[in-house]
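Each remark here refers to the structure printed beneath this line.
The values are calculated or read from the model by the stated rules, or taken from the named source; none is laboratory data. All figures in this text were calculated on a predicted structure; none of them were measured in a lab. Heads up, the Cβs are rebuilt from the backbone with ideal geometry, glycines too, and the neighbour counts pull from every protein chain shown. Surface accessibility is based on the protein's heavy atoms, side chains included, excluding ligands, DNA and RNA. Shrake-Rupley method; radii C 1.70, N 1.55, O 1.52, S 1.80 Å.
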Amino acid sequence: MTPLPIVRTVADLRAQVSAWKRAGLRVGLVPTMGALHAGHLSLVTLVKREHDKCVASLFVNPKQFAAHEDLDRYPRDEAGDAALLQSAGCDLLFAPTVDVMYPTGFATAVTVSGVSAPLEGEMRPHFFGGVATVVAKLLLQCLPDAAAFGEKDYQQLLVIRKMVADLDIPVEILAGETVREPDGLAMSSRNAYLTPAQRETAGLLNVIARDAIARIEAGGAISPALSEAKAALAAAGFSPIDYVALHDATTLAEIRTPTLQQAARLLVAAHLGGTRLIDNFAVRSV
Ligand code: PAF
């Protein structure tokens with residue numbers, strides 16, 4: 001099999017995408033930072049369901065890492081990622097360098113207020129500015145018909161939807177369901193950092209979250225269900241716990257009613273050793 005074609009410049013990316021579009025083909029984009037797993041590949045499948053061609057991007061975006069975070073040790077394996085993408089049906093990989101994305105003198109930042117403020121916005125204040133800036137660039141560089149993002153990063157998905165709507169970027173945003181390991185742990189590139197013992201404990205995050213959700217969906221009081229989930233995570237060895245929180249599924253406003261009256265999302269961020277895990281779950285109102 002011929003290897004997956006790789007382009008590294010915006011001109012080469014646009015030349016291929018516009019040739020496909022001139023031929024009447026529909027094109028979807030899957031933006032990634034590499035270290036691919038089945039969650040990413042499910043986004044390729046999602047795109048290929050309704051599009052003729054899938055472009056994936058691979059760019060570890062320095063603008064979404066703070067100085068103390070894992071930019072330097074973020075797993076990188078372009079050849080392995082390209083082989084996985086090809087096996088999933090991807091047609092082209094866009095793998096730009098930092099200089100292509102942020103040439104000397106780059107001076108623009110995209111900021112999305114509101115939905116980016118709570119949760120990750122409080123814990124990682126640099127994060128959504130970096131994500132919005134790079135995703136705006138990727139969408140405008142590629143100009144696909146659609147782009148797919150995982151629900152695993154639920155707040156990121158809402159931030160991107162808001163940015164695309166506000167800036168009239170003519171790209172449909174598709175959401176892919178979170179892909180989980182057999183014990184329910186959400187797949188994530190950062191799971192590779194976990195030791196075997198931590199990996200076993202990590203599976204408890206979704207068990208504890210689902211227990212809280214069952215109580216809330218049965219009409220139970222929200223605040224004790226969240227506090228007890230935090231205590232259970234702490235007892236299992238998660239430390240620190242950044243949040244276990246219930247927010248409106250669309251606006252991401254914190255839910256302050258004693259019991260649930262609206263469609264919601266339970267969002268969790270907690271550390272295990274040096275690894276920060278995030279997850280989220282739909283919660284139905286009674
Ligand atoms: O979710 C990710 O992998 C990244 O945040 C994204 C969307 C590729 C932007 O760098």
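Residues that are of a type in the set (A, V, I, L, M, F, W, C) and closer than 22 Å to Tyr193 by Cβ occur in the stretch 70-82; there is at least one.
Looking for something under 24 Å from Ala192 (Cα atoms), free of Cβ contacts under 8 Å to residues at least 40 places away in the same chain and not in a helix (DSSP H, G or I) - is there at least one such residue anywhere in the stretch 245-265?
The answer is no, given that none of the residues of the stretch 245-265 is under 24 Å from Ala192 (Cα atoms), free of Cβ contacts under 8 Å to residues at least 40 places away in the same chain and not in a helix (DSSP H, G or I).
Is there a residue in the stretch 65-80 that is open to solvent by 30 Å² or more (accessible area, probe 1.4 Å), in contact with a strand residue (DSSP E or B) (Cβ under 7 Å, 6 or more places away or on another chain) and among the acidic types (Asp, Glu)?
Within the stretch 65-80, one or more residues are open to solvent by 30 Å² or more (accessible area, probe 1.4 Å), in contact with a strand residue (DSSP E or B) (Cβ under 7 Å, 6 or more places away or on another chain) and among the acidic types (Asp, Glu).
Applying the set (1) in contact with an Asp or Glu (Cβ under 9 Å, 6 or more places away or on another chain); (2) surrounded by fewer than 19 Cβ atoms within 10 Å (Cβ to Cβ) to Lys152 leaves exactly one unmet item: (2). Looking across the stretch 195-241, the residues that are open to solvent by 20 Å² or more (accessible area, probe 1.4 Å) and under 30 Å from Glu78 (Cβ atoms) come down to Thr195, Pro196, Gln198, Arg199. Report yes if Leu25 is open to solvent by less than 60 Å² (accessible area, probe 1.4 Å) and either closer than 25 Å to Asn191 by Cα or not in a loop (DSSP other than H, G, I, E, B) (or both), otherwise no. Here the answer is no, as Leu25 does not meet what is asked.
Looking only at the stretch 187-197, decide whether some residue is touching a Leu at 6+ places or on another chain (Cβ under 8 Å) and assigned to a loop (DSSP other than H, G, I, E, B). For the stretch 187-197, residues touching a Leu at 6+ places or on another chain (Cβ under 8 Å) and assigned to a loop (DSSP other than H, G, I, E, B): present. Suppose we filter the stretch 28-52 for residues that are in contact with a strand residue (DSSP E or B) (Cβ under 6 Å, 6 or more places away or on another chain) and open to solvent by 50 Å² or more (accessible area, probe 1.4 Å); how many remain? Here the count works out to 1.
Per the conditions (1) touching a Gly at 6+ places or on another chain (Cβ under 9 Å); (2) not in a strand (DSSP E or B), the sole criterion not satisfied by Cys54 is (2).
For Val60, the conditions (1) more than 22 Å from Leu143 (Cβ to Cβ); (2) within 10 Å of the ligand (Cβ to nearest atom); (3) in a helix (DSSP H, G or I) all hold with the exception of (3). Can you name the residue in the stretch 121-133 that is open to solvent by less than 10 Å² (accessible area, probe 1.4 Å) and in contact (Cβ under 8 Å) with a residue 60 or more places away in the chain and is also nearest to the ligand (Cβ to nearest atom) among such residues? For the stretch 121-133, the residue satisfying everything is Val131. Of everything listed in (1) open to solvent by less than 10 Å² (accessible area, probe 1.4 Å); (2) within 12 Å of the ligand (Cβ to nearest atom), the single unmet condition for Ala186 is (2).
Yes or no, residue by residue, for (1) over 17 Å from the mean Cα position of the chain (by Cα); (2) buried (at least 16 other Cβ atoms within 10 Å of the Cβ); (3) within 14 Å of the ligand (Cβ to nearest atom):
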{"residue": "Ser113", "(1), (2), (3)": "yes, no, no"}
{"residue": "Pro118", "(1), (2), (3)": "no, yes, no"}
{"residue": "Leu138", "(1), (2), (3)": "no, yes, yes"}
{"residue": "Met163", "(1), (2), (3)": "no, yes, yes"}
{"residue": "Pro182", "(1), (2), (3)": "yes, no, no"}
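Would you be able to say whether some residue in the stretch 22-32 is closer than 19 Å to Leu139 by Cβ, away from the ligand (no atom under 16 Å from the Cβ) and among the β-branched types (Val, Ile, Thr)?
Going through the stretch 22-32, the residues closer than 19 Å to Leu139 by Cβ turn out to be 25-32.
Remaining after also requiring away from the ligand (no atom under 16 Å from the Cβ): 25-27.
From what is left, the residues that are among the β-branched types (Val, Ile, Thr) are 27.
Scanning the stretch 22-32, I find at least one residue that is closer than 19 Å to Leu139 by Cβ, away from the ligand (no atom under 16 Å from the Cβ) and among the β-branched types (Val, Ile, Thr), so the answer is yes.
Apart from one condition, Ala147 fits all of (1) in a loop (DSSP other than H, G, I, E, B); (2) crowded, with 23+ Cβ neighbours inside 10 Å; the exception is (1). Here Ala253, Ala282, Ala264 are screened, and the one residue that is of a type outside the set (D, E, K, R), open to solvent by 40 Å² or more (accessible area, probe 1.4 Å) and closer than 12 Å to Ile213 by Cβ is Ala282.
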